[in-house]
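What follows draws every value from the coordinates through simple rules; no lab data is involved. Computed from a prediction, not measured in an experiment: that's the story for all the values here. Positions of Cβ are backbone-derived with ideal geometry, glycine not excepted, and every protein chain shown enters the neighbour counts.
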Amino acid sequence: MFDASPPNPDTLSDAVGIGCLVLMLLLVCLQIRRKRNAKAHAPQADALAAPLIWLSPEDAYTARMVTENVLVTGASGAGKTTGSGRALAHALLGTAKAGLLVCCAKADEVTLWEEYAAATGRSADLRVIRPGGPWRFNPVSYELAREGSVSSAENVVGLLEAILECADRQGGSGGARDDEAYWRRATKQLIRNFVDLLILATGTVTIDALYRAVISAPQSLDDVRSEEWRKSSYCFQLLSEADRRSKSTAQAQDFALVADYVLCELPALAPKTRSVVVSCLTSQLDPMQRGELRSLFGADTTVTPGDCEDGAIIVCGLPTQTYRETGVIANAVLKYCWQRSMQGRRVKPNSRLICLWCDEFQTFVTPTHDAQFLATCRSSRVGCVLLTQGVPGVYAALGGGDKGRAEADAIFGNCALKVLHANSDVQTNDWASRLIGRTLQVRASGNHSHAADDQMSALLGLDWARENGTTSGGFAEVMEAEVEPRAFTRLRTGGPDNGWIVDGIAFQNGRVFRASGRSWLPVSFNQKS
């Protein structure tokens, strides 16, 4: 039955209250959702835009600019390491939290980076590869397993070629001379075939196995037909195993090429030619089979170049000043594998800045890889900081002559920021002056002449002498260097005599500094702060 009685006022009041509460809750939920959506779609803070160091109160140097590479020059004792180098190292470790690979030339450099890491709270990220330490790296295994590669064999061939190139430079050959082209190609052919043989037969490559395979290869066509050679040769055992294993079509084609080379082409070479080619390889592999290199780079792997993406600071603890050729090869191996790894890096919006640090860069420069890497590393969010005394050292390390100069200039050209400290080297100072360039400048000139028989009156400044004389003046526009070469000999070099201040001139391609209005800027660094 229908109830026609009026509604209870208390019930209506409760219903309205509940409805308002529900409506308020809905509005709050909508507001929270809007804020979340706005935060999700808001532009993220650009970590690479953060200033690393201030070159002047108005001019910052940012993390992004590091990816355009840095070149620091200065004579020994000019303060490049303790001035701009120290400031940039602290900024990379502290502000940018960058991952680094540090190649070491000087005996105290490992200690220096341990101090840097401690001062910036990064000691836990330090990975020093040195005798007796926990950190080791097997470059051959790493190159065989590296992701993003087309051919594992070619990765190992490239690695061994880089080792040979580095060892050749240390032996005084100067690297890549035209008259060595045949021997380089022949040695690379030898490496490629025996690396392929090891992969086909065993699935892996080691320096020891490569050495054994090469020295047990047939020396003549008579050896190939000899039962005694077949029974005792490790090379023949590998050939037999590779022949026995099942192979894909591509592997079968590779094996045919390897067998033809090992059993036909190599033993058919003239004895002197064959012995030189084999010796080129075995003599340079010898250091990798001994001492520190064998224990640190021939065993297991506890650190890899990829660890830099997680903030690792990898330091080669075999400085060349102390370990000589062993140190050169150790640094070269790490640098090559690191560069190859970084070139295949997949960058994300939050990817970490990674940097290669080379003090005494002339010790580590390689023409085959450095110029190309410097030209392309920016897209991988990777940069390089290169410190060297001057341009002649890099020219000489690359073989000298026109070719060496061209290769060095290609490297210098890919360093956007150059910090030029005090130098007494004429070639470096001329290069720096020409780098900054010339501008149109106004020069004033004046002249006064008088009669030859009236010199005394002219000297006394008498009016009639001036009336009889001739005065002329003018202005001319001439192209002059903005910074003369002699300016680099007058920069402060730090130490107590200079109040611990190191001067330099910063030049950055494509930039006009606010403090100077030019592409160059006088800068100073305090060694104590």
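Under the shape rule built on the C-alpha gyration tensor, where the axes satisfy a ≥ b ≥ c, region 165-314 is oblate, since a/c reaches at least 1.5 while a/b does not exceed b/c.
Ranked by the mean number of other Cβ atoms within 10 Å of their residues, highest first, the peptides 304-316, 205-217, 50-62, 91-103 come out as 91-103, 304-316, 205-217, 50-62. Here the Karplus relation 6.51 cos²θ - 1.76 cosθ + 1.60, evaluated at θ = phi - 60°, turns the backbone of region 95-102 into coupling constants of 7, 7, 6, 6, x, 9, 10, 10 Hz, with x for every Gly and Pro.
3J(HN,Hα) along region 406-416: 5, 5, 5, 5, 5, 5, 4, x, 8, 9, 5 Hz, from the Karplus curve 6.51 cos²θ - 1.76 cosθ + 1.60 with θ = phi - 60°, whole Hz, x for Gly and Pro.
Can you return the lysines within cross-link range of K418? Criterion is Cα-Cα under 21 Å, with same-chain partners fewer than 8 residues away left out. Hits, sequence-local ones excluded: K80. One Cα centroid belongs to region 360-383, the other to region 111-134; the line between them spans 24 Å.
Using a cut-off of 30 Å between Cα atoms, the listed pairs K97/K403; K188/K403; K106/K188; K97/K335; K188/K231 include K97/K403; K106/K188 as exceeding that distance.
Were the residues from K272 through E482 laid out at 0.36 nm apart, the gain over their Cα-Cα distance would be 69.8 nm. Once both labels are positioned 7 Å from their Cα atoms along Cα-to-Cβ, the gap between E228 and T302 label points is 4.8 nm. The three principal axes of the Cα atoms in region 334-395 give end-to-end lengths of 40, 20, 19 Å, sorted in falling order. Relative contact order for region 45-104: 31 percent, from Cα pairs under 8 Å spaced at least 6 residues apart, divided by residue count. Taken over region 271-346, the alpha-carbon convex hull comes to 122 cubic angstrom per residue.
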